[in-house]
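**Student:** Structure in structure tokens, see below.
The values are calculated or read from the model by the stated rules, or taken from the named source; none is laboratory data. Source: prediction; values computed, not measured. For neighbour counting, all protein chains shown are included, and Cβ atoms are generated from backbone atoms with ideal geometry for every residue, glycine included.
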Amino acid sequence: MHVKTGDEVLIIAGKNKGQRGKIKRVIPNMSRVVVEGKNIVKRHMKARGPGKPGGIVEMEAPLHSSNVMLICPSCGHATRTGHRFLEEKDHKGRPRKVRFCKACDAVIEKK
């Protein structure tokens, strides 16, 4: 996927179009992401004992990963990303694979 947990993204489709947020969770097998405080839905929850009361609960629903664009940390714009291999090796001796911004050509490091 082109986004990872902790990335800042711009939502480009849906009811939250144009809003920015941070990726809270990634669901790779469904190609979905959960963005903090965005795509809020209401769920009617049944009571599950004394610790979990019932009622209407607001929660963040997953968005499809194609509906978000990564915001480049160096240029600050929403951009497409690509992958490239660096000369330095990872812990297994293979070339390190990183994401890069297609607008400013900067390497996007995982925090």
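**Student:** All but one of (1) surrounded by 10 or more Cβ atoms within 10 Å (Cβ to Cβ); (2) at pLDDT 95 or above; (3) farther than 17 Å from Lys110 by Cα hold for His44; state the number of the condition that does not hold.
**Tutor:** Against the list (1) surrounded by 10 or more Cβ atoms within 10 Å (Cβ to Cβ); (2) at pLDDT 95 or above; (3) farther than 17 Å from Lys110 by Cα, His44 comes up short only on (1).
**Student:** Being surrounded by 15 or more Cβ atoms within 10 Å (Cβ to Cβ) and touching a Gly at 6+ places or on another chain (Cβ under 9 Å) is true for just one of Val26, Val34, Val3, Val9. Which residue is that?
**Tutor:** On inspection, the qualifying residue turns out to be Val9.
**Student:** Suppose we keep only residues that are surrounded by 12 or more Cβ atoms within 10 Å (Cβ to Cβ) and over 17 Å from Lys4 (Cβ atoms) within segment 61-84. Which one would you say is modelled with the highest pLDDT?
**Tutor:** Applying the filter and picking the extreme gives Ala61.
**Student:** Name every residue in segment 2-44 that is within 23 Å of His83 (Cα to Cα), of a type in the set (A, V, I, L, M) and over 9 Å from the mean Cα position of the chain (by Cα), in order of residue number.
**Tutor:** Leu10, Ile11, Ile12, Ile27, Met30
**Student:** Here is a further query. Please count how many residues of segment 22-79 are at negative phi, assigned to a strand (DSSP E or B) and either in the same structural domain as Ile108 (by TED's automatic domain parsing) or of a type outside the set (Asp, Glu) (or both).
**Tutor:** 27
**Student:** Could you give me the residue pairs with C-beta distances under 8 Å whose first residue belongs to segment 94-107 and is farther than 15 Å from Met69 by Cβ, whose second residue is of a type in the set (Phe, Trp, Tyr) wherever it lies, and which are 6+ apart or on separate chains?
**Tutor:** The qualifying pairs are Pro95/Phe85; Arg96/Phe85; Lys97/Phe85; Val98/Phe85; Ala106/Phe100; Val107/Phe100.
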